[in-house]
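A quick write-up on the structure given underneath.
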Amino acid sequence: MSHANEYLPKSELDAITRALIAGARYGVKIRLPHAFVMTFLFKRQLSAKQKLKIILKLTFEHASNLSVFAALYKVSVFYLELISIFRDCWL
């Protein structure tokens, strides 16, 4: 069974890991205050526990989406660079 370390250089793995963390951090930073305000403005009929649950769900969802997108972007850029290198070698 092959490992990711065999195919990806350490710097690329670091970049992908940093993208995952930065995407999650930015997702929380942006979505938490927004979800907090919107939930308290428009969900007045809910209890505090229900509001907190909605806020955390929305924040987690947004953070994980941004995290995955950032990591996929880094992986895509890496593979495009590899394709470019191989294409230049063959031409």
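Where a number appears in this text, it was derived from the coordinates with a stated rule and is not lab data. What you are looking at is a predicted structure, and each value in this text was computed from that prediction instead of being measured. Cβ atoms come from the backbone with ideal geometry, glycine included; neighbour counts cover every protein chain shown.
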Q.
As I understand it, the value is the acute angle between the Cα axis of helix 48-90 and the longest principal axis of the Cα atoms of the chain; what does it come to in degrees, rounded to 10?
A. 10
Q.
If I take every Cα pair under 8 Å that is 6 or more residues apart in the chain, average their sequence separation and divide by the length, what percent do I get for the relative contact order?
A. 41
Q) What's the local net charge at residue 21, with K and R +1, D and E -1, over the other residues with C-beta under 13 Å away? A) +3
Q | segment 41-91 - Rg over Rh from alpha carbon coordinates, Kirkwood radius | A | 1.48
Q. In nm, to one decimal, how far is the modelled label at residue 47 from the one at residue 76, with both set 7 Å along Cα→Cβ?
A. 4.3
Q. Given only helices, namely DSSP H runs of n ≥ 4 each adding -39500 (n - 2.57), what is the per-residue ellipticity at 222 nm of the chain, to the nearest 500 deg cm²/dmol?
A. -31500 deg cm²/dmol
Q | Derived scalar couplings ³J(HN,Hα) [segment 32-46; Karplus, 6.51 cos²θ - 1.76 cosθ + 1.60; whole Hz; x for Gly, Pro] | A | 4, x, 5, 5, 4, 5, 5, 5, 6, 7, 10, 10, 5, 6, 7
Q: Please give the length that would be gained between residue 61 and residue 25 if that part of the chain were fully extended, namely 0.36 nm times their separation in residues minus their C-alpha to C-alpha distance (nm, one decimal).
A: 11.7 nm
Q. Build a GNM of the chain with springs between Cα atoms under 10 Å: which of 30, 21, 55 gets the top mean-square fluctuation?
A. 30
Q | Options (i) 8.6; (ii) 12.7; (iii) 7.9 - which one matches mean projected area of the Cα convex hull in nm² as calculated here | A | (i)
